[in-house]
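Following: one structure in structure tokens, then a few remarks.
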Amino acid sequence: MQSIGSVLNDLFTPLSTAEKHCEKHGIDYTEQVFKRFTRGCPQCAAEAEEARKLDEAEKRKLAEREWYQKQIAERIGDSRIPLRFREKTVGGYRVENEQQRYIVERVKAYATEFNDGSHSGRCMTFLGNAGTGKTHLACAIGRHVIRNCNGVARFTSVAEINRLVREAKSFESEYTETDVIEAFGGYDLLIIDEVGVQSGTEAESRALFDVFNERYQNLKPTVLISNLDADGFKAAVGDRIADRVKEDGGEVLVFDWGSSRG
């Protein structure tokens, strides 16, 4: 059995040497032939090593890009943004009048606040008729937060918030009401749809307020969507939410044209 020293000697002692000339680089060099490799032109070797490093770097970039795209896909799935609206963009919103143009500009300004990884925490509320693009624009903001700002957005409805809070009160629940409120409070952006559809019970109103207030206190931006007008919205959510959605530059945008659904 060969010793380690003997094995290493066999591997790194050249079997032959020869003086050669590299036509590519115009230099003379000593070629050394070893048992498992050949050492040739040093400049050719340096170029090959550089090419190897570039290839490895490109593979790492590709792997990182694939990983990042996978993370985005997972975050979009986890966002619960409805499939119909997952690829909606602000630019893809059809503008046909000055009011729509104004709303699009305000939405762009709101979305831009997420670009540097922070946000003022101000809210945005979309009120008005069904089929006017409120959900389109709200989800476009969520998509921007996820795809372009490395953030986490969540789409929900008042009905889902109430259901999760109600289930949390069950003896068999694995989570508490506080867990639900804190979970909704942690997203970079929360979109709450169907505001005003709730039956108006005290428990439902409290659940919505608790989630909204958790975010309000921690300067987390929330987008609310409702088919009600301003008076109906205030009656549905109560004075506390109606007042706070307008604080610190919060905007209430009214979509008061006809449905585009046909």
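The values are calculated or read from the model by the stated rules, or taken from the named source; none is laboratory data. Quantities reported herein were computed from a predicted structural model and do not represent experimental measurements. Cβ coordinates were reconstructed from backbone atoms using ideal geometry, including for glycine residues, and neighbour counts include every protein chain displayed.
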Handout entry: The one condition in (1) of a type in the set (A, V, I, L, M, F, W, C); (2) more than 18 Å from residue 257 (Cβ to Cβ); (3) loosely packed, with under 12 Cβ neighbours inside 10 Å that residue 145 fails to fulfil
Key = (3)
Handout entry: Pair list, Cβ < 6 Å and 6+ apart or interchain, from the stretch 217-228 residues that are within 24 Å of residue 255 (Cα to Cα) and at pLDDT 95 or above to residues that are of a type in the set (Ser, Thr, Tyr) and part of a loop (DSSP other than H, G, I, E, B)
Key = none
Exercise for the section: Take residue 204 and decide whether it is assigned by TED's automatic domain parsing to the domain that holds residue 166, modelled with pLDDT of 95 or more and among the acidic types (Asp, Glu). Expected result: no
Handout entry: Residue check, residue 79 closer than 20 Å to residue 252 by Cα and among the small types (Gly, Ala, Ser)
Key = no
Problem - Check on residue 89, of a type in the set (Ser, Thr, Tyr) and not in a loop (DSSP other than H, G, I, E, B) - result: no
Handout entry: Lone qualifier among 233, 212 - being in the same structural domain as residue 103 (by TED's automatic domain parsing) and within 24 Å of the chain's Cα centre (by Cα)
Key = 212
Problem - Any chance residue 111 is closer than 18 Å to residue 81 by Cβ, of a type in the set (A, V, I, L, M) and touching a His at 6+ places or on another chain (Cβ under 6 Å) - result: yes
Exercise for the section: Give the stretch 20-40 a look and list any residue that's surrounded by 11 or more Cβ atoms within 10 Å (Cβ to Cβ) and among the charged types (D, E, K, R), or say none. Expected result: 20, 31, 39
Fill in the blank from the handout: Selection from the stretch 66-85 of residues at pLDDT 70 or above, of a type in the set (Phe, Trp, Tyr) and not assigned by TED's automatic domain parsing to the domain that holds residue 183 yields 67
Practice task
Would you mention how many residues in the stretch 114-134 are within 22 Å of residue 148 (Cα to Cα) and surrounded by fewer than 16 Cβ atoms within 10 Å (Cβ to Cβ)?
Solution key: 5
